[in-house]
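Novice: Structure below; questions to follow.
The values are calculated or read from the model by the stated rules, or taken from the named source; none is laboratory data. Source: prediction; values computed, not measured. Side chains are part of the model used for accessible areas, which takes the heavy atoms of the whole protein and leaves out ligands, DNA and RNA. Shrake-Rupley method; radii C 1.70, N 1.55, O 1.52, S 1.80 Å.
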Amino acid sequence: MYKIRGIILSGSPMMLDKPLLVSQIVPCIMSLLVLKVPILGICFGCQFINVAFGGSLERLSHSVCKPVTTFIQDEELKPQYCANLMIDKVAPSFDAIGYVNIESKKYVCAIKHKERDITGYLFHPEYFHNTHYLLDDFIHQCYN
């Protein structure tokens, strides 16, 4: 018998700017909380977590690719971020831990729950060699 040690919510072709879709998927994330394991949201997964916990998203007029300008855990971290759906309001139970500047506005691109092991990145840490340690941190949480 296998024990679930962590959950990764990753990319999706779906967009979270449609109220019906949000109302259908929010119960999914809430049902995962009973497992009491670390949860990592990547790209769509981060957006999904933020919306499920009461945050909101903002659609940009076009897709943009920008480097992450500030990352709380590591000032040298410079992954690329590409999307057109950004975090507008961080969910109340989360802290913003990463930012990207787009068209003279600072957007949140990474969030961490204030009490639980739930983290989200709007960029793909598996894609950049200098961000693999973020996945290592998640694996470490899953086995401790």
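Novice: Accessible area, 1.4 Å probe, largest first: how do LYS112, LYS106 sort?
Specialist: Final ranking, largest accessible area leading: LYS106, LYS112.
Novice: I would also like to ask the following. Beyond 18 Å between alpha-carbons counts as too far, so tell me which of LYS3/LYS36; LYS36/LYS89; LYS3/LYS112 fall in that bin.
Specialist: Values: LYS3/LYS36 12 Å; LYS36/LYS89 25 Å; LYS3/LYS112 24 Å.
Pairs exceeding the cut-off: LYS36/LYS89; LYS3/LYS112.
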